[in-house]
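Notes follow once the structure below has been shown.
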Amino acid sequence: MYVAVKGGERAIENAHRLLGHERRGDRTVPELSLVQISEQLGLGVDRVMTEGSLYDRELAALAIKQARGDLIEAIFLVRAFRATLSRFGATEPVNTGAMLVRRRISSTFKDVPGGQVLGPTFDYTHRLLDPTLAESSEPDAPVTGEPLAAMPRVTDILGQDGLIEPSPEADADAPVGDLTREPLNFPADRDLRLQNLARADEGFLLALGYSTQRGYGRSHPFAGEIRFGEVEIEFFAEDAGFAVPLGAIPMTECQMVNQFKGSATEAPCFTRGYGLAFGQSERKTMSMALVDRSLRARELSEEIKAPAQDEEFVMSHSDNVQATGFVEHLKLPHYVDFQSELGLLRKLRAEFLEAAAKAEPMQEAAE
Amino acid sequence: MNATTYNFAYLDEQTKRMIRRAILKAIAIPGYQVPFASREMPMPYGWGTGGVQVTASILGPDDVLKVIDQGSDDTTNAISIRKFFAKTAGVATTTSTEEASVIQTRHRIPEAPLHAGQVLVYQVPIPEPLRFLEPRETETRRMHALGEYGLMHVKLYEDIARFGHIATSYAYPVKVNARYVMDPSPTPKFDNPKMDNCAALQLFGAGREKRIYAIPPHTTVVSLDFEDHPFSRYRFDAPCALCGADDSYLDEIVTDDRGSRMYVCSDTDYCEGRQAAGHHGTESAAPHKERAHG
């Protein structure tokens, strides 16, 4: 009888075997290939790479397959793999101004140099289920447009008149902060905050960003620019003495332009909120930019009163791998603690009932 | 595909060195929470990643490892962690408290006294004893630095004013080496006295919260209390149904749907050792019979 409450090694093995069986599903249905996942579920792959902090489409596709489509589980798999990789160094800062743009929009100007480029987007699609996709279909070939080109960033155009704060200059000698290698302390600098936000759960950032729009720490944002395209990654090789290109990867950047009334020492100007992610991740980068700007409240001497402005709150709860682990650890046995609580509760109830029993005859006597 | 081979006990040597430095600092300042750059482990946060990283960093090829969860070697997560180290480090494993050189635990301290040379590694979910009184890390670090523990005493006093006694049954706060107030991890307060003047080294790892702390051997550990309301242990008043022990912490097991209960030792190694030595409880016949058949 007592044996029944013990978990067995055999039980774990059998459970994992059953998981493998369920993952495969109906064996008469062809198995998914990693290429199918990375080609046809590309935005899911982008999210796993972004929040998994590792640019590798094939590994992200494998993680999605292994996780049965559970993206947070897939992000966890990628993170655990990433943790074991040795670090060679940090790349040069990515120059998004030289991005070969596939999509670029600005909500602050009707037209901008380089133009508004819609590119591949769900925007303006009518969200009607498309039955033609239920069968295998051959979509129309894209209209071949202008070749991909670099175009100036909208915030740089604003910057020429000093209407927006300049992007902070990178200090070439300062080491790049890395919260996966050094313990995080508060208050945290913006580099670490941005790293945290880049790895943060999209849903969590979406809700926080949304909360700032609804008045919990309002930051008056405009989507200065959202751009998606190929950027070159360069690595400074000590041996060669110069930066060598490692290749180009698709990234999405969002620069929010926010009102700032100025302070005693600063003239009024627009301020920035920044978002950057692997692949095409617009919702993520827009939410990230809203929260980044909110978290600058301390730096800009704004009153901190909303959750999205509170860096300890945001940074401590943004990581979905941490969050899911701790929420789901409630599945583990807790019967030793529970036994302690049972003992305490029984004692408290006995004392309560005893006191109630004593009080009753006294009340009767009074009546 | 970028496959990889893993180092002894999974973690790379640089990471182990970083964690060992944190452990040494923790030992030098008993009860102080040392921040460390916790890694993402191949098991979820909240499932023992802190304990696993500490164990991985101190384990050598000659070590003998025991892993318990709720006092038992056979709970699913204990099995999973033991298998992880058997696979990645190839170390010998045991269920015997006496034979183990490293014991990783969740929620219990073994009943048998630990001896010199042993290391007890605790898995810690929330390392900060003041966290539920003050949610901000910036504030609690300051309170520790100043030794400002009035808030905790007020909490305990409010318990007494309301219930007549301190209403904390597990993760009961202690003061280590007369300096730092420390969370003993969610062990039942029954286990608190075992931490005091313990011959073994006690290490605490919190992976998600990125903290390591320690109690060196033979350090004073005092459960917080008041002169007129001294600390008391809680144990269900019954002998173990399997081994008859009347001094061990008990699990309550529901045996039918009419409210019947039986009480057995939570420390399975302790219980089995007593049964092997000829001690009996009221229900001890059944498991022995099963064993004979198996």
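Observations on the structure shown:
- Applying the condition of being touching a strand residue (DSSP E or B) at 6+ places or on another chain (Cβ under 7 Å) and more than 8 Å from every other protein chain (Cβ to nearest Cβ) to region B:236-259 and asking which residue is surrounded by the most Cβ atoms within 10 Å (Cβ to Cβ) yields B:C240.
- Residue match in region A:132-147 (condition: exposed (fewer than 14 other Cβ atoms within 10 Å of the Cβ), of a type in the set (D, E) and in contact (Cβ under 8 Å) with a residue 12 or more places away in the chain): no
- One residue stands out in region A:82-104 among those that are hydroxyl-bearing (S, T, Y) and within 14 Å of another protein chain (Cβ to nearest Cβ): the one that is surrounded by the most Cβ atoms within 10 Å (Cβ to Cβ), namely A:T84.
- Just one of the listed residues (B:S80, B:S169, B:S101, B:S72) is polar (S, T, N, Q), out of contact with any helix residue (DSSP H, G or I) (no Cβ under 9 Å at 6 or more places or on another chain) and touching a residue at least 24 places away in the same chain (Cβ under 8 Å), namely B:S101.
- The residue list A:R346, A:R272, A:R298 contains one member that is outside any helix (DSSP H, G or I), among the basic types (K, R) and within 14 Å of chain B (Cβ to nearest Cβ), which is A:R298.
- Flag for B:S96 being buried (at least 24 other Cβ atoms within 10 Å of the Cβ), away from chain A (no Cβ under 11 Å) and either touching a helix residue (DSSP H, G or I) at 6+ places or on another chain (Cβ under 7 Å) or not β-branched (V, I, T) (or both): no
- Any hit, region A:11-33, residues being surrounded by 15 or more Cβ atoms within 10 Å (Cβ to Cβ) and under 18 Å from B:M43 (Cα atoms): yes
- From the list B:T93, B:T15, the one residue that fits, being β-branched (V, I, T) and farther than 29 Å from B:V264 by Cα, is B:T15.
- Filter pass, A:A323 being assigned to a helix (DSSP H, G or I) and in contact (Cβ under 8 Å) with a residue 40 or more places away in the chain: yes
- Taking region B:59-78 as the range and being part of a loop (DSSP other than H, G, I, E, B), within 12 Å of another protein chain (Cβ to nearest Cβ) and out of contact with any Ser or Thr (no Cβ under 7 Å at 6 or more places or on another chain) as the test, only B:T75 passes.
- Every pair of residues 6+ apart whose Cβ atoms lie under 6 Å, when the first sits in region A:74-103 and is under 19 Å from A:G325 (Cα atoms) while the second is of a type in the set (D, E) and surrounded by 13 or more Cβ atoms within 10 Å (Cβ to Cβ): A:I75/A:E51; A:R79/B:E40; A:A80/B:E40; A:A83/B:E40
- Pair list, Cβ under 6 Å, 6 or more apart: region B:20-40 residue away from chain A (no Cβ under 12 Å), other residue of a type in the set (S, T, N, Q) and surrounded by fewer than 20 Cβ atoms within 10 Å (Cβ to Cβ): B:P30/B:N177; B:P30/B:T219
- Odd one out for B:T15 among (1) in a helix (DSSP H, G or I); (2) at pLDDT 95 or above: (2)
- Selection from region B:120-134 of residues that are without any contact (Cβ under 8 Å) to a residue 60 or more places away in the chain, over 12 Å from B:R211 (Cβ atoms) and either buried (at least 20 other Cβ atoms within 10 Å of the Cβ) or in contact with a helix residue (DSSP H, G or I) (Cβ under 8 Å, 6 or more places away or on another chain) (or both): B:L130, B:L133, B:E134
- The sole residue among A:M288, A:M315 that is within 12 Å of chain B (Cβ to nearest Cβ) and modelled with pLDDT of 95 or more is A:M315.
- Single residue of region A:195-209 satisfying the filter (surrounded by fewer than 19 Cβ atoms within 10 Å (Cβ to Cβ) and among the hydrophobic types (A, V, I, L, M, F, W, C)) that is farthest from the other protein chains (Cβ to nearest Cβ): A:L206
- When residues in region A:190-217 are screened for being part of a loop (DSSP other than H, G, I, E, B) and under 23 Å from A:A83 (Cα atoms), 2 of them pass.
- Of all the residues in region A:248-265, those that are without any contact (Cβ under 8 Å) to a residue 24 or more places away in the chain and either of a type outside the set (G, A, S) or part of a strand (DSSP E or B) (or both) number 2.
- Only one of the numbered conditions (1) touching a Ser or Thr at 6+ places or on another chain (Cβ under 9 Å); (2) touching a residue at least 40 places away in the same chain (Cβ under 8 Å); (3) not charged (D, E, K, R) is not met by A:Q195, and that is (2).
- As for region A:105-125, it holds at least one residue that is closer than 28 Å to A:D310 by Cβ and surrounded by fewer than 16 Cβ atoms within 10 Å (Cβ to Cβ).
- Selection count where residues are within 11 Å of chain A (Cβ to nearest Cβ) and either among the hydroxyl-bearing types (S, T, Y) or out of contact with any helix residue (DSSP H, G or I) (no Cβ under 7 Å at 6 or more places or on another chain) (or both), scope region B:200-231: 3
- Restricting attention to region B:181-195, the residues that are in contact with a strand residue (DSSP E or B) (Cβ under 6 Å, 6 or more places away or on another chain) and among the β-branched types (V, I, T) add up to 1.
- Summed over region A:108-126, residues that are touching a strand residue (DSSP E or B) at 6+ places or on another chain (Cβ under 7 Å) and more than 17 Å from A:A98 (Cβ to Cβ) total 6.
- Region A:16-39 residues that are of a type outside the set (S, T, N, Q), paired with ones that are assigned to a loop (DSSP other than H, G, I, E, B) (beta carbon under 8 Å, 6 or more apart): A:E22/A:R68; A:R23/A:R68; A:R24/A:E31
The values are calculated or read from the model by the stated rules, or taken from the named source; none is laboratory data. Here the structure is a predicted model, which means the values were calculated and not measured. Ideal geometry is used to build each Cβ from the backbone, glycine not excepted, and the neighbour counts take in all protein chains shown.
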